[in-house]
Each structure stands twice: as C-alpha cells, then as structure tokens.
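Just below is one structure, and these are the notes that go with it.
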Amino acid sequence: MTRHAKERIGVIGGGSWGATLADHLARKGNDVSLWEFQPAAAESLKKTRTLAFMPQLRLHPSVEVTSDLAEVLSGRAILVSAVPSEHVRATFRAVREKNTLSPGAWVVSVTKGIETDTLKRMSEIIAEEVPPLQGRVAVLSGPSHAEEVAKSIPTAIVSAGPGDLPEKVQALFNSDSLRVYTSDDGVGVELGGAVKNIYAIACGICDGLGLGDNTKAALMTRGLYEMTRLGKACGAQEMTFLGLSGMGDLIVTCMSRHSRNRLLGEKIGQGRTLDQALKEMTMVAEGVRTTKSVHQLAHRIGLEMPIVNQLHLCLYEGKSAGDCVRDLLTRPVTSEMKHLRKEKETFAETL
C-alpha cells in the first residue's frame with residue numbers, strides 16, 4: 001500500500017462509507033478518529049469493529065470511535081464528511097458551534113446528494129455553515145461501493161476542489177487498491193456523484209418490473225445525457241460526465257447488487273410504495289431526496305429531464321412504475337444525433 005506522511009484525520013459519519021474510509025486511511029498509517037452520531041452504535045462499532053449490515057468490514061484496531069463530535073474535531077487538520085446528505089447542514093452547524101476546529105483545517109466531502117429546497121451541493125453547505133472552511137472543501141467521488149473497497153477490491157475514484165486540494169486528497173487516499181485521479185471540475189464531480197442515484201432507482205424499477213438489459217441500457221444512456229445537460233447548465237464541464245464521477249458511477253450504481261438505490265427501485269417496481277420500500281432498507285438511498293432536488297432544479301432553470309420527471313411522479317405523486325415506463329417510451333420520437341449535435345454546438349459556443 002502506498003505510504004505518505006502520517007496525518008491526524010477525523011472522519012465524520014460512522015455509516016458504511018465513513019467507516020470504510022476510516023479503515024482505509026488507518027491502514028495507510030494515519031491517526032484516525034471516527035465519529036458516529038448515535039452513542040449505542042458508536043459503542044458497538046468500538047467493541048465489534050464491524051457493522052451489522054456490512055460484515056466484510058473489519059475496522060483497523062487503531063481507529064478511535066467516538067460519539068463526541070468535539071473529540072473528533074480537536075487537533076485534526078483534515079476532516080472527511082461522510083454523513084447522509086439530509087444531515088450535512090445540521091452536522092456542520094454543530095461543528096461551528098463546538099468551536100474546536102483546528103486552524104487551517106480542510107474537509108473532504110464524500111456525501112453524494114443535493115439539498116432539497118436550497119438545491120445546494122454538499123461542499124457549498126459545509127462552507128456556508130463553517131465560514132473558515134471557505135475554499136477548503138474538496139470532494140471525492142466515483143464508482144466505489146464500500147462493500148468492495150473494504151475488501152481492497154481494485155477501485156478508481158476522482159478528487160476535485162479548489163487550489164491544490166485535489167492533489168492533497170489524491171496523496172491522502174491513493175493506495176495499491178484505491179486509485180485516485182484529480183479533476184479541476186468540482187461542480188461536475190459533485191453533481192455526477194449525486195445525480196446518478198436517480199437513474200439507479202429507475203434501473204431498479206426496471207428490475208422489479210421484470211424488464212431486461214435493453215431497457216436499463218437505454219435508461220443509463222439517456223440518463224447520462226440528462227446528467228450532462230444539467231451539469232453544463234450549472235457550470236460543469238461536459239467531459240466530466242464521461243469520467244469516473246459521471247459514467248463510471250452511473251454504471252456501478254445502476255448495475256450492482258450492492259447499490260442501495262437500485263435495490264430501492266426494485267422494491268418499488270415490485271409494487272411497494274416509497275414508504276414501504278424505505279422501511280425495508282437498512283441503509284440510506286440518497287437518490288430519493290436527490291430526485292426531488294433535481295426535479296426542483298430542472299424546473300428552476302427550465303431544463304427538460306424526462307426520466308427525472310417520471311421518477312418524481314412515481315416516487316412523490318403516486319403514479320405507477322409501469323405507467324412511467326410507458327410514458328417515457330411513448331414520447332414523441334426524435335433524432336438522437338440531432339440533439340447530440342445541438343448540444344455539441346451549444347457547448348462549443350461557450351468555449
């Protein structure tokens with residue numbers, strides 16, 4: 001495993017991804033503290049060194065586990081934010097109120113979501129809640145199921161952010177089994193990681209309905225097109241969505257048995273309501289909230305996103321999954337290349 005200077009790191013969020021990254025960073029020789037919000041869960045993880053829903057993880061013995069947020073902040077110049085998107089704002093508001101943040105501290109956000117109503121990305125929320133972190137928030141994204149990273153299965157991801165943060169993140173996380181690339185498009189990397197979860201739910205619905213690979217391939221391809229258009233409208237670079245945080249994350253999340261978003265969609269395709277499906281989930285499916293956020297965002301900027309629109313109708317307005325698929329297929333036919341050329345011309349005009 002690649003070695004580097006030992007760092008003191010605080011990982012905020014003791015779920016599957018936070019615990020896996022804490023383990024990974026500790027195995028690279030770092031001094032790592034992991035914060036879990038629920039005291040009982042923190043105590044269990046401290047004793048068993050594993051998660052009930054992810055037995056393949058064996059947390060490195062050196063990782064300190066705590067439910068005291070001030071403790072995980074104190075004396076640690078690098079923080080990894082791995083809490084669910086709905087809790088990021090409240091968590092970093094608490095970080096500000098604790099007033100124990102180390103001078104010059106910076107954050108790596110690994111949460112994939114967009115806040116409902118404000119429509120802000122996680123890095124924006126963190127910097128907004130903790131002003132000293134302005135310009136000090138990087139993002140890390142890409143096709144990376146915790147279940148496989150915990151077993152050191154080869155994985156490639158991408159870091160992005162202001163200044164030299166992408167290179168710092170790369171040096172911090174890169175190893176023999178986890179390859180980290182860098183990007184100068186923080187907006188695109190963060191949006192790609194969030195929005196792909198929407199299409200994973202849609203692909204899961206196809207699985208639940210008993211449809212085939214042809215259908216999922218069409219959804220993924222058109223989903224990538226929608227993602228790219230949204231990203232460009234928000235100031236991201238087109239090519240980012242052909243990379244790890246776009247196409248790469250889309251493929252793994254739509255196709256994998258580990259994907260919680262795909263699984264939730266499968267349950268809905270089998271006839272469960274959203275509430276019923278959520279109650280059966282043991283981990284957070286970020287695509288549920290992201291569907292609402294992206295639907296709001298597309299409406300705000302006047303962007304047509306047919307798959308997002310139909311999934312929003314299915315999740316939040318009671319439309320049946322079968323009717324959503326039918327209405328997508330019966331939209332007026334058009335030329336694929338005409339639309340792609342138009343998008344290419346529009347993109348070229350902005351260069």
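Rule-based calculations on the coordinates, nothing more; no lab input. These figures come from a predicted structure and were not determined experimentally. Don't worry about glycine lacking a Cβ; one is built from the backbone with ideal geometry, like all the others, and counts go over all protein chains shown.
Overview of results
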item	result
Dimensionless Rg over Rh [the chain; C-alpha; Kirkwood]	0.97
Semi-axes of the equivalent ellipsoid for the range 187-350, Cα gyration tensor, largest first, Å	25, 17, 15
ASP275 paired with ASP164, simple spin-label distance in nm, labels 7 Å along Cα-to-beta-carbon	5.4 nm
Length added when fully stretched, ARG8-ARG27, from 0.36 nm per residue minus Cα-Cα	5.5 nm
Net charge of Cβ neighbours under 12 Å - reference ALA202; Lys, Arg +1; Asp, Glu -1	+1
Which of VAL288, VAL294 has the fewest Cβ neighbours within 10 Å, and the rest in rising order	VAL288, VAL294
Descending principal axes extents, the range 119-240, alpha-carbon based, whole Å	50, 36, 26
Residues whose placed amide H lies under 5 Å from that of ALA156, excluding near-sequence neighbours	ARG179
Filtered trypsin sites (Lys or Arg not before Pro), the range 39-82: DSSP coil and at most 15 other beta carbons within 10 Å	ARG58
Among PRO143, PRO306, PRO332, residue whose mean-square fluctuation peaks in a GNM of the chain (springs only between Cα atoms under 10 Å)	PRO332
Distance in nm between pseudo-label sites at GLU317 and HIS299 (7 Å out along the Cβ direction from Cα)	0.8 nm
Amide H contacts under 5 Å for LYS28, placed H, 5+ residues apart	none
Two-decimal log10 I(q)/I(0) for the range 8-184, as the Debye equation yields it once each C-alpha is a single scatterer, q = 0.09, 0.10, 0.11 Å⁻¹	-0.27, -0.34, -0.41
DSSP-defined beta bridges in the chain - what % are antiparallel, rounded to 5	15 percent
Rough spin-label spacing in nm, given labels placed 7 Å along Cα→Cβ, for ALA70 and ILE153	4.2 nm
